[in-house]
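Contents: one structure, followed by commentary.
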Amino acid sequence: MRASYKWLAEYLDLAGLSPADLADRLTSAGLAVDAVDPLNRGVEGVVIGKVLDVRPHPQADRLKVCQVDVGGRQLEIVCGAPNVAPGLVVPVALPGAKLPGGVEIRIAEFRGVSSHGMLCSADELGLETRYLPKRDAEGLFVLPADLPLGADVVPHLHLDDVVFDLDLTPNRSDCLSIRGLVHELSAILRRPHRFPASVAAPEADGESPLQVRLETPRCPRYEAQLLDGAEIRETPLWMKMRLLAMGVRSIDLVVDVTNYVMLEWGQPLHAFDADAIAQGTIVVRQAREGERLVTLDGQERALTPDMMVIADPEKAIGLAGVMGGENSEIGPSTRRIALESARFDGASIRRTGQALSLRSEAQQRFEKGVDPAAVSSALHRATELLVQLAGSRPVGAPRRVPPQADVSKPTVISFSPHACARFLGVDVPEGEMRACFEALGFGVEHGEGAWRVEVPTRRPDIQAPADLYEEVARLYGYHHIPATSMRLPVEAPESSGHLMIVRKVRRALVDWGLCEVRTYALTSPEAEAPIAPSGVPVALLRPMSDDRRVLRRHLLPSLAEVARHNLAHQVPGGAIFEVGKMFLASSWPQQALPEEQQVLGMLWFGETEGNPFERPRPYDFYDAKGVCDALLARLGIRAAYQASQHVYLHPGRQASIEVNGAPVGFLGELHPDVGEAYDVKRAVYAQFDLDRLFSLASSDVRVRPIPRHPASRRDLAVVVPSELESQALIDSAWRTLGDGGDLRLVRVFDVYTGVGVPEGHKSLAVALWFQSDERTLTDAEIDQAVVAVLRAWEEAFGAKLRA
Amino acid sequence: MSDTWRHELETIRNEAMASLANTSDSKALNDWRIEVLGKKSALSQMSKAMGSLAPEDRRALGEALNRVRQELEQAWRSRQAEMEAKEKALRLERERIDVTLPGREVPLGAMHPISRVIEEIEDIFMSLGFSVVEGPEVETDHYNFELLNIPKDHPARDMQDTFYLTEEWLLRTHTSPMQVRTMERMRGRTPIRVIVPGRVYRRDEDDATHSHQFTQIEGLVVDEGIRMSDLKGTLEAFAKALFGPSQRVRLRPSYFPFTEPSCEVDLVCVSCGGAGCRTCKGTGWIEILGAGMVHPRVLDMSGYDSARYTGFAFGLGAERIAMLRYGISDIRMLYQNDLRFLRQFRHA
Ligand SMILES: [Zn+2]
């Protein structure tokens, strides 16, 4: 919302307050002022002049040589504007004048003719021409003929004004008008205002010839005034400039008056060509199925029964509260005008605007709520202005439906000054509270303990005591509220076990060299296609782009994208992880909200950095497995690895991670096709279900005594078929000797293929540790156990001791 | 005893001592020992030849011979010790390494800056007695809007452009639905003190200051007698903990449908300390979060009688704090995950 300083100053004494001061006061009361811009953007030394004579330039076809009267003296000025003509009054930049954009005017020669200044267009004066009618925006800015020649244009063009750009919150629709802002400023500054409480109906004879029928409950009030004749159609300069200051485009006098009054009173108005209204009867109703209407912007709109239209008995002539119809548009030939001032249901107006992608000034005010008390006054005010400016005559009294005056009552709220002070935590004096309400124009009646505060319909946002507390607080000043400590019991926070696991995991991974990433949950089915996740994607109704139109079903594509970005930006590789959600649905749309599964995803891509002790090498499966092992150990979880079958992982290089037979995660090298699809070549992915980790994790430690008797280690190198998994040897050793006996640990410490090992085989070096809590074991005992293990290995796998 | 013998002994001794001084390594020293003290040495020859001497002479010469042998042995031992020390020193010198080479690397990862900020803020509020809870990212219109006093077709919905999944389901536009979910879960028990970190989504085009996905931290306190000044006190304590003891907060009136009164909360600009700079557009203050007293309708709809209970709520953007804190000028940096950026957060 833009607001003109000079317009406000008409109703309120602003003496001693600069526009910047005013902006500060408004902002600290909750009406944020984003910008304070002088309308004059640097015009200096430009005067009003009259073109006396125009002759062609002897050397240039498109230039003209003009004699211009600038008040007692005559200047010869070269001009290229097509609309220059004798008799026009225009802005003249004299030599030495300054124009916006740092332009300085000097005496200049144009093909042999000296030009002693410049005739200006609106654009050259720095005016926002999008708010001017077309003929003012193109060519020289033609001014009213009665302006004093030689006078500075700044005051005559009303450029000595300042525009506030207000960022109004949606609750303050009352401030979408000069009326509302004047009341607000009056309360903030504690200065009386002169804005009229109401405007009386202009005098007119008899009843209105217009008939109005309300056929929908969404229009609780409709008032209309018929006017005859509109001889003058040029909007006076002052009104054009005021509309420009407020950021509303000037179109023609009748339309401009309706907009002007809307800006002044906050009540949107509409003007119809009364001769286009069949039978002089206005019907407000819901649109019919299949009904169409060409709106003022020339668009044909398909209407739905949820939309409200203004119609006559034959056809729709406007979209109520949103935009008029072309068939009843005010045009140069319009003789009779029907002015509308009405109330429409805000939600309905909002839906219509959204459905048709329209966002008119009127619509914005209706959807936030207009003051029922302003409906009649705005109509009367517009009538008055059309009589004054256009030479129109009211025909009959306004037609009002329902006929009785508006019965909207002010809201009455019971207010306790004591409760207010306690709620805010600051002892605002009662007199101060009362003064606030009175300055706002609220009625205050004292009662026993509580007051009755009467809030005018102008302020629909005030409905309950808390709203009044806010009025007190913001007008008294939020800076008066002290910083206090709550008096709350000391309590242990609720257990945040899940949070603590996430933190523990995050910290451990960071300590082990992984970088945490955070990626977008919105992705595209195409980005997920290479891994073909199960289920269907949860899709947005109206995505902003194809790249982000579904919720992700997997973390891998997100991490692969990070890897791709880094590899493409001179990062040779890395290890990354994310704690994020996957959104799972079996069909979409479905009956229940999608499942949000929180997982830990990790990805190793590219090469290690390399150092003097180790050459750069590609990250591999065992880098990932090492981290998985360490993470499980850190969380106190014992898990087993089983070969798995994820299609997007390398068929021979993946494993599921299981606890008691149930998976908690998996890891594996990306399938080469997948690596290629994501442009990351080789990478290893691992994933854990965080809820599962959380339910399994344990930080309990029960200390066992350090053994008193020495342990014995036996190293066995056995030759086995290549495809045998080393875990099989370990499991077999435990099965053979049992886990309650003297065998304490079995570890594979070397894998060898090459000279001395037959083709299709490998040599595994396995260490077995034996120990007893009771005594030192004898060699014979240990030998016996080793023999048993070797026998079991041979029987099960054909394992042979390596020579 | 013959002077010849004596003289010869003297010569052997002198020559041996001289050649000992010339031994340069342990091999030469060993050769010297064999030559001077070994079975075939001149000394040994002399001992053997002594048998032909008269007993007195033999005894006298034997003593002299023994003395010389002991003297030479002693000299050999000390020469050996000296040489070993020298050789050891040489060997150690040869073992000198380049201490300026990097150590065997312990890889250091990095926490994402947003996580850093969230953990820090969680810690501050936990120390103030708050619990940390989390909620769903896919929400219903009911929780995200209606129960927060934002009815359908209400202009306040324009404040948050929403990603809808269906007519009723959406991606939460703020963490505020957890205010309602928390009150419903607590079923009237008090006090409520929670913070809720989480991802939220808005239909904004991504640019330097907007992201369609970002991270909020919601706070909620409900009890009897909670005052607006408590909101200010709590946020000031938080600001001091996060940005230092000289911090202050400033409240400015604002509007959120689910709080009344509502405020924007400013901190003293962290770049200039309040003097005015580009970050704070010369005002000395930076907007950091939105807050307010829980709207009575929200309390009532969530099962807390607004005539009895009051409360406050606040919501802050983790990205904004991270950007201020670490000097990040473009929010997209936080979601690009360039390791050259993330690795700068290695130090804890
Ligand atoms: Zn600053």
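The values are calculated or read from the model by the stated rules, or taken from the named source; none is laboratory data. Because the structure is a prediction, the values reported are computed rather than measured. Virtual Cβ from ideal backbone geometry, glycine too; neighbours counted across all protein chains shown. Areas reflect the complete protein model, heavy atoms only, side chains present, ligands, DNA and RNA absent. Shrake-Rupley method; radii C 1.70, N 1.55, O 1.52, S 1.80 Å.
Numbers at a glance
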{"read-out": "Residue (of A:Ala683, A:Gln645, A:His498) at the positive-pole extreme of the stretch A:497-696, dipole from beta-carbon charges", "value": "A:His498"}
{"read-out": "Distance from the stretch A:82-117 to the stretch A:608-676 (C-alpha centre basis), Å", "value": "79 Å"}
{"read-out": "At least 20 Å² of accessible area lost relative to the chain alone, listed for the stretch A:575-613 with a 1.4 Å probe", "value": "A:Lys581, A:Phe583, A:Trp588, A:Leu593, A:Glu596, A:Glu609, A:Asn611, A:Pro612, A:Phe613"}
{"read-out": "Cβ-derived FRET efficiency at R0 35 Å, A:Val748 paired with A:Asp783, nearest 0.05", "value": "0.95"}
{"read-out": "Taking the C-alpha atoms of the stretch B:34-156, convex hull volume expressed per residue in Å³", "value": "292 Å³"}
{"read-out": "Rg in Å to one decimal, and Dmax rounded to a whole Å, for chain B via C-alpha atoms", "value": "44.8, 138"}
{"read-out": "Loop-located trypsin sites (Lys or Arg not before Pro) in the stretch B:1-110, at most 11 other Cβ atoms within 10 Å (DSSP)", "value": "B:Lys39, B:Lys40, B:Arg96, B:Arg104"}
{"read-out": "Buried area at the B-A interface (accessible, heavy atoms, 1.4 Å probe, summed, Å²)", "value": "7800 Å²"}
{"read-out": "q = 0.04, 0.05, 0.08 Å⁻¹, the protein assembly as shown: log10 I(q)/I(0) [Debye, one scatterer per Cα]", "value": "-0.40, -0.56, -1.05"}
{"read-out": "Options A:Tyr131, A:Ala311, A:Gln279, ranked by Cα towards positive dipole end of the protein assembly as shown, top entry (Cβ charges)", "value": "A:Tyr131"}
{"read-out": "Percent of Cα-Cα distances greater than 20 Å, calculated over the stretch A:411-480", "value": "17 percent"}
{"read-out": "Added length on full extension, which subtracts the Cα-Cα distance from 0.36 nm per residue, B:Arg343 to B:Asn30", "value": "106.6 nm"}
{"read-out": "Estimated distance in nm for a label pair at A:Arg714 and B:Asp330, the labels positioned 7 Å out from Cα along Cα-to-Cβ", "value": "6.6 nm"}
{"read-out": "Radius of gyration and Dmax over the Cα atoms of the stretch A:497-696, both given in Å", "value": "16.7, 59"}
{"read-out": "Residue-averaged 222 nm ellipticity for chain B, from DSSP H runs of 4+ at -39500 (n - 2.57), nearest 500", "value": "-13500 deg cm²/dmol"}
{"read-out": "Shape call, the stretch A:291-417: gyration tensor on alpha carbons, a/c limit 1.5", "value": "oblate"}
{"read-out": "The stretch A:435-502, accessible area per residue, ligands and nucleic acids excluded (1.4 Å, Å²)", "value": "46 Å²"}
{"read-out": "Spherically averaged projected area in nm², based on the convex hull that wraps the Cα atoms of the stretch A:712-801", "value": "5.6 nm²"}
{"read-out": "Computed log₁₀ I(q)/I(0) - Debye formula, equal Cα scatterers, no solvent, the stretch B:29-68, q 0.16, 0.25, 0.30 Å⁻¹", "value": "-0.42, -0.79, -0.96"}
{"read-out": "Carbon and sulfur %, accessible surface of the stretch A:628-727 computed with the full protein complex present, 1.4 Å", "value": "48 percent"}
{"read-out": "Residue (of B:Phe256, B:Val222, B:Ile286) at the positive-pole extreme of the stretch B:196-303, dipole from beta-carbon charges", "value": "B:Ile286"}
{"read-out": "The stretch B:2-94 - percent of accessible surface contributed by carbon and sulfur, probe 1.4 Å", "value": "51 percent"}
{"read-out": "Label-to-label distance, nm, for residues given as A:His418 and B:Glu184 (7 Å Cα→Cβ offset)", "value": "3.7 nm"}
{"read-out": "B:Arg278/B:Tyr164 FRET efficiency (R0 56 Å; Cβ-Cβ; nearest 0.05)", "value": "0.90"}
{"read-out": "Per residue solvent-accessible surface (Å²) - the stretch A:643-727, probe of 1.4 Å", "value": "59 Å²"}
{"read-out": "Whole-number D in µm² s⁻¹ for the stretch A:44-156, Kirkwood Cα-pair radius fed into Stokes-Einstein, 20 °C, 1.002 mPa s", "value": "154 µm²/s"}
{"read-out": "Approximate spin-label separation A:Asp547-A:Asp13, in nm, with each point projected 7 Å along Cα-to-Cβ", "value": "6.0 nm"}
{"read-out": "Per residue, in Å², the accessible surface of the stretch B:113-345 once ligands and nucleic acids are set aside, probe 1.4 Å", "value": "34 Å²"}
{"read-out": "Magnitude of the charge dipole, the stretch B:221-263, Cβ model with Lys/Arg +1 and Asp/Glu -1, debye to 20", "value": "340 debye"}
{"read-out": "Shielded by partner chains, the stretch B:144-173 residues - at least 30 Å² of accessible area, 1.4 Å probe, vs chain alone", "value": "B:Asp153, B:Pro155, B:Asp158, B:Phe163, B:Tyr164, B:Leu165, B:Thr166, B:Trp169, B:Leu171"}
{"read-out": "Alpha carbon convex hull of the stretch B:2-94, volume per residue in cubic angstrom", "value": "70 Å³"}
{"read-out": "Cysteines in chain B that, by Cβ-Cβ distance, have no pairing candidate under 4.7 Å", "value": "B:Cys263"}
{"read-out": "Carbon/sulfur fraction of accessible area - the stretch A:211-401, other protein chains in place, 1.4 Å, %", "value": "47 percent"}
{"read-out": "CD proxy at 222 nm, helix term only [per DSSP H run n ≥ 4: -39500 (n - 2.57); per residue of chain A; nearest 500]", "value": "-7500 deg cm²/dmol"}
{"read-out": "Minimum 10 Å² accessible area buried by the other protein chains, the stretch A:158-192 residues, probe 1.4 Å, relative to alone", "value": "A:Thr169, A:Pro170, A:Asn171"}
